[in-house]
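Worksheet for the structure shown next.
The values are calculated or read from the model by the stated rules, or taken from the named source; none is laboratory data. Predicted model only: the values in this text are computed from it and were never measured. As a convention, Cβ positions derive from the backbone with ideal geometry for all residues, glycine included, and neighbour counts pool all protein chains shown.
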Amino acid sequence: MIHERSVIETHHAACKAAFMRHTSIVATSLLAVGLNLTATSCALPMPDSQAEDGRSTSRWVTSGSDVEMKALEYQRNGQNGKLVEFLDESLSRHVAGARKSGERARLELMRAHALERLGRRLSALNAFGRAWQEVSPNANGVGSEILQQWARLEMNMGDYKSAMDHYARALRARDLGRNRERDIRCSLIVACEAAGKLSQASDQIARLDHKGRAQMSSTRTLLLRDQTKRKRPATPGVVDAFLPAGVIPMNPSLILAGIRPREDWGARNIQPDHVPMRPITSITVHHTAMPAPGQFNTIAQLKQIQNIHTGDNGWADVGYHFIVDPSGQAWEGRRLMHQGAHAGGSANIGNVGVCLMGNFETGRVPSAQAAGLTNLLDALRAQFEVDRSEVRTHREWKATTCPGQHLQSVVARYRTAPRSTLALQ
Ligand SMILES: [Zn+2]
């Protein structure tokens, strides 16, 4: 049922301000770390999105070795290919003395950004790694900057665990300054959430100050933005190779192939004040109690549900994580990394909300829809190691007729079935 208020979710205007602030924090933090960058542009952390012409990248103020000055010129002119070529050549013959001054680290970092802008992401990852190796042990600030940039690309490529590691290491640098520490900690939390390391995320959230909490949603938007735009990751080998149990992927089709992402039905973004998902321990099945849509208005009904949940109910987003239409097609609702609003209060914690379109108090569950539910439940249970007995229905949490008598018996049968044999009435 869609009408009860189970989580108080409000949003406040402070978020927008936090988002605006974030960009300037990034720019000033570059100054603070002793990288000798000018802060005339904040484009360095997001080279992909802002540097189509290659001009918006940072400019280096250096002691002025010829190599560095030449590299800067290429960078300013947006000649990324030439810059990479030039740096490949120069770095291979550059002497060890340049390491002490941090020049090699800066050149490697410049090379990494150029590679990234050329779309050579794997090479860029390697270049960030080399830049990190070139950092002299006492150059804390430079090192943490490199780690942060490295981790940002890893987030972008879906390698959340490496990103976590690198953000955590960046946070260990001394003398970061409060703004920069906050910035990195927010990024670390997003990485932990994306990797499904939710207790680590909570630990870090507890260490955030008030400003940091206000900054969280803008950091999420920044770090996960490019992924939500893409249907499939740009480098399948990196993202798809291995999805350890418990990890919540950004792309729901990594849990079950064929799930339609929320972009496909034109979902509006989640409102700022929502709660991250805690470790997943149960799944709860609902029905919409609305007339089941025909083939052509499923998307309209998904939008309608989101409107009711965010409008009348005042929630941050559609309450359910997945919605199964009458044909058995599963659609992504609220992202699984965000706690749902469907079971009532604390029952939402670690609880995946799955809703079937239709009213099953009055009608039977179509076999295709029951089969779609079974596949989804199987996939969720496998990924999050949820026992069959932890698949429940709404009425088992509280007094409601949801999910209707007919769906209730389908779920009851699922719990006792030896394996997936539910494609029946
Ligand atoms: Zn319900």
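Can you confirm whether GLU332 is of a type outside the set (Ser, Thr, Tyr) and either without any contact (Cβ under 8 Å) to a residue 24 or more places away in the chain or closer than 23 Å to LYS197 by Cβ (or both)?
Answer is yes for this residue.
Yes or no, residue by residue, for (1) at pLDDT below 85; (2) farther than 26 Å from ALA173 by Cα; (3) in contact with a Cys (Cβ under 6 Å, 6 or more places away or on another chain); (4) part of a loop (DSSP other than H, G, I, E, B):
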position: TYR74; (1), (2), (3), (4): no, yes, no, no
position: GLY81; (1), (2), (3), (4): no, yes, no, no
position: ALA124; (1), (2), (3), (4): no, no, no, no
position: GLY141; (1), (2), (3), (4): yes, no, no, no
- Message: So if I check each of SER65, SER58, SER90, which one is surrounded by 19 or more Cβ atoms within 10 Å (Cβ to Cβ), at pLDDT 55 or above and more than 17 Å from TRP132 (Cα to Cα)?
- Response: SER90
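Suppose we filter ASP264, ASP273 for residues that are in contact with an Asp or Glu (Cβ under 7 Å, 6 or more places away or on another chain) and away from the ligand (no atom under 16 Å from the Cβ); which single one remains?
Working: ASP264 fails: in contact with an Asp or Glu (Cβ under 7 Å, 6 or more places away or on another chain).
The conditions single out ASP273.
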- Is at least one residue of the range 278-301 among the basic types (Lys, Arg), surrounded by fewer than 19 Cβ atoms within 10 Å (Cβ to Cβ) and in a loop (DSSP other than H, G, I, E, B)? yes
- Long-range neighbours under 8 Å by Cβ, at least six apart or interchain, first residue within 12 Å of the ligand (Cβ to nearest atom) within the range 278-296, second modelled with pLDDT under 90 and outside any loop (DSSP other than H, G, I, E, B): none
- State whether the residues of the range 358-371 include one that is of a type in the set (A, V, I, L, M, F, W, C), under 11 Å from ILE283 (Cα atoms) and away from the ligand (no atom under 12 Å from the Cβ). no
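For THR374, indicate whether it is more than 11 Å from the ligand (Cβ to nearest atom), β-branched (Val, Ile, Thr), in contact with a helix residue (DSSP H, G or I) (Cβ under 9 Å, 6 or more places away or on another chain) and farther than 24 Å from THR298 by Cβ. Talk me through it step by step, then tell me what you get.
On the way: more than 11 Å from the ligand (Cβ to nearest atom): yes; β-branched (Val, Ile, Thr): yes; in contact with a helix residue (DSSP H, G or I) (Cβ under 9 Å, 6 or more places away or on another chain): yes; farther than 24 Å from THR298 by Cβ: no.
No.
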- Exactly one of ARG392, ARG278 is modelled with pLDDT under 95 and either among the charged types (D, E, K, R) or outside the structural domain of ARG268 (by TED's automatic domain parsing) (or both), and that residue is ARG278
